[in-house]
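Here is the structure we will look at.
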Amino acid sequence: MTSPPEISLVIPMYNEESVIDELYTRLKRVLNHIGKSYEIIFVEDGSRDQTFMKLKMLQEHDETIKLIQLRGNFGQTPALAAGFDNASGEIIIAMDGDLQHMPEDIPQFLEKIAEGYDIVSGWRADRKDPFISRRLPSKIANWLMSRISGVKLRDFGTTFKAYKREILKDVHLYGQFHRFIPVLASLSKASIIEIPIKNIRQQHRKSHYNISRTFTVIFDLIRLNFFNKYLSRPLQVFGGFGFLLSFLGFGITVYLIYMKYAYSLGLMTYRGPLFIVGILFIIIGALFVVLGLLGEMMFKLLHDLHPQKIYSIREIYSSRLTAGKTDS
């Protein structure tokens, strides 16, 4: 049997037929000089051009290539997840397939991994994109993401990152959370370092990054932080709020009862609405505690079940396999 490669390079591909030849040539030139075994995993994400056919031709003549064909266009996060799940290397490097990331930067990622870091994240220190439409929203988003998450990175958005295999094993991607892998990994106390990378502006590509996307990214991060902190402890959220409401309601009710017996003031005539609010607080607080307990039960059931994949593979093409692998 062929021994597993030391390095897996995961590259999502969507409508990239015009750059495939150059990308492949430059990747091979770099990887053949690093002195380690490797595999190149192209994840074909439902392209509408000839991307799949060109990648299939390369795979048929190069045993280091593994081609994963998805059943349709799932997006970057699912495409990366498919690549990560099928990677065999102890070091996994992710990068874009449009040559915005330079293959020549790969050795510096490997150097930092060799120094003992768990994640090496690229930093587009000298971005070539327009300031107003891309760089300014990106700066705002990255600053906020760093403040909210506590992970000191200057560039969350770039896909160009290197990971130790054991780090990704415990990271479950969903939504559009590929940019937050360092945040997810930081919960396991992973060591992270950022290195500057070259960034090439792709003139032929329309930018999808603007102010509205900045807010989308921030909302995703808030949701991610909430889930990370409280998904496994729903009783802490709902129960805490429930006990607070019940405590306020109990305090209001005790105060009104005291006023009734100390000063002979009728509950309904003296503070009728306040008395009703106190009772409602107690009832709603109790319901929140029950909701927290139900959440604990649902989390246990979710934890015991196998997580559903966020992608669907049509076929895997690889010379390392005896036949194409299908995942329904």
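The values are calculated or read from the model by the stated rules, or taken from the named source; none is laboratory data. Nothing here was measured: the structure is a model prediction, and the numbers come from that model. Please note: Cβ atoms are built from the backbone with ideal geometry, for glycine as well, and neighbour counts cover all protein chains shown. The protein model used for the area step is the full one, side chains on, heavy atoms only, and it has no ligands, DNA or RNA in it. Shrake-Rupley method; radii C 1.70, N 1.55, O 1.52, S 1.80 Å.
Please work out if LEU267 is in contact with a Phe, Trp or Tyr (Cβ under 6 Å, 6 or more places away or on another chain), modelled with pLDDT under 85 and surrounded by 15 or more Cβ atoms within 10 Å (Cβ to Cβ). Taking the combined requirement at face value, the residue satisfies it.
Filtered by the rule that a residue be under 16 Å from GLN100 (Cα atoms), open to solvent by 40 Å² or more (accessible area, probe 1.4 Å) and not in a strand (DSSP E or B), segment 170-204 gives LYS198, ILE200, ARG201, GLN203, HIS204.
TYR311 meets each of the listed conditions (1) crowded, with 16+ Cβ neighbours inside 10 Å; (2) under 39 Å from the mean Cα position of the chain (by Cα); (3) modelled with pLDDT under 75 apart from (3). The condition (being among the β-branched types (Val, Ile, Thr), more than 21 Å from THR77 (Cα to Cα) and either touching a residue at least 12 places away in the same chain (Cβ under 8 Å) or open to solvent by less than 10 Å² (accessible area, probe 1.4 Å) (or both)) is satisfied by just one residue among ILE140, ILE92, ILE167, ILE119: ILE140. Can you spot a residue in segment 114-127 that is part of a helix (DSSP H, G or I) and modelled with pLDDT of 95 or more? Within segment 114-127 (the criterion being part of a helix (DSSP H, G or I) and modelled with pLDDT of 95 or more), the answer is yes, since at least one residue qualifies. Taking ASP45 as the residue in question, decide whether it is in contact with a strand residue (DSSP E or B) (Cβ under 9 Å, 6 or more places away or on another chain), more than 16 Å from ILE92 (Cα to Cα) and of a type outside the set (Phe, Trp, Tyr). Answer is yes for this residue. Count, please, the residues in segment 249-267 that happen to be of a type in the set (A, V, I, L, M) and closer than 24 Å to LEU287 by Cβ. Residues in segment 249-267 being of a type in the set (A, V, I, L, M) and closer than 24 Å to LEU287 by Cβ: 5 in total.
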